[in-house]
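Presented below is the structure to which this report refers.
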Amino acid sequence: MLELRDVWKAYETNGRERFVLRGISARFQTGDAIGILGRNGAGKSTLIRLVSGLEVTTRGEVRRNMTVSWPLGFGGAVHTSITGADNCRFLARLYGKSPGWVESFVEEFAELGEHFRMPVYTYSTGMQGRLAFGLSMAIDFDCYLIDEAIAAGDARFTARCVAALEERRKRSALLLVSHSDHLLRSFCNSAAILHEGKLTFHEDLDQAIAAYHAL
């Protein structure tokens, strides 16, 4: 289970604290597929980074009793000074996987061609997204975090990403941040709206989408 207990998050702006998240409590477990809706600047990406451990709370705590992915769509998931292949081997050792298997899987999945063995800083944003997505699919996480972008390429690659996530959803939890009604309906069985620092859950997905568009 993944649990947020009275989570607050503030950033300092012009010498003053500005709270983005205000007392959020929630529980997520295997089988949950929850969409996170919110206007730009509402704190959706901040929430996902806190869940992943990339940022720390100002107050409250995040308890992780399941393995959690880095946010898909977040460029910081890879080391840009080394090659895509080197990233694969590094991640494999970190998670106790076969370096050769992870490298082969990601090379085939990401379809980066000769760039796979070039430094990641030479990649476009889309190529970095492909690499990060392929890396995340090479590891079996209990919970996958998807921040805004699900695909970083053409329609065929997008379809591959969707199929991979659909397969992972059967055995993992999924938290998806997106403005796309289509993606939410494709992957999520419920949703929550982040507004003015508060997270409001809706069991009915259509009700959540309607409430979000009414803001």
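Yes/no matrix, rows are residues, columns are (1) at pLDDT below 90; (2) under 28 Å from ALA210 (Cβ atoms); (3) surrounded by 16 or more Cβ atoms within 10 Å (Cβ to Cβ):
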site: ASP140; (1), (2), (3): yes, no, no
site: CYS143; (1), (2), (3): no, yes, yes
site: ILE150; (1), (2), (3): yes, yes, yes
site: ALA155; (1), (2), (3): yes, no, no
site: ALA173; (1), (2), (3): no, yes, yes
site: LEU184; (1), (2), (3): yes, yes, yes
site: CYS188; (1), (2), (3): no, yes, yes
site: ALA191; (1), (2), (3): no, yes, yes
query = What residue, of GLU196, GLU166, is farther than 20 Å from ARG39 by Cα and among the acidic types (Asp, Glu)?
reply = GLU166
remark   = Over region 122-136, the set of residues crowded, with 22+ Cβ neighbours inside 10 Å and either closer than 21 Å to ALA33 by Cβ or among the β-branched types (Val, Ile, Thr) (or both) is ALA132, PHE133, SER136
message = Tell me whether region 126-138 contains one or more residues that are outside any loop (DSSP other than H, G, I, E, B), more than 15 Å from the chain's Cα centre (by Cα) and not basic (Lys, Arg).
response = yes
request  = Please state which one of VAL162, VAL177 is buried (at least 16 other Cβ atoms within 10 Å of the Cβ), under 23 Å from VAL68 (Cβ atoms) and in contact (Cβ under 8 Å) with a residue 12 or more places away in the chain.
outcome  = VAL177
task = May I ask you to list the residues in region 189-206 that are assigned to a strand (DSSP E or B) and small (Gly, Ala, Ser)?
result = SER190, ALA191, ALA192
task = Among the residues of region 12-35, write down those that are in a strand (DSSP E or B) and loosely packed, with under 15 Cβ neighbours inside 10 Å.
result = GLU12, THR13, ARG16, GLU17, ARG18, SER25, ARG27
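The values are calculated or read from the model by the stated rules, or taken from the named source; none is laboratory data. Please read these numbers as outputs of a predicted model, since none were measured by experiment. Positions of Cβ are generated from backbone atoms using ideal geometry, with glycine treated the same way; all protein chains shown enter the neighbour counts.
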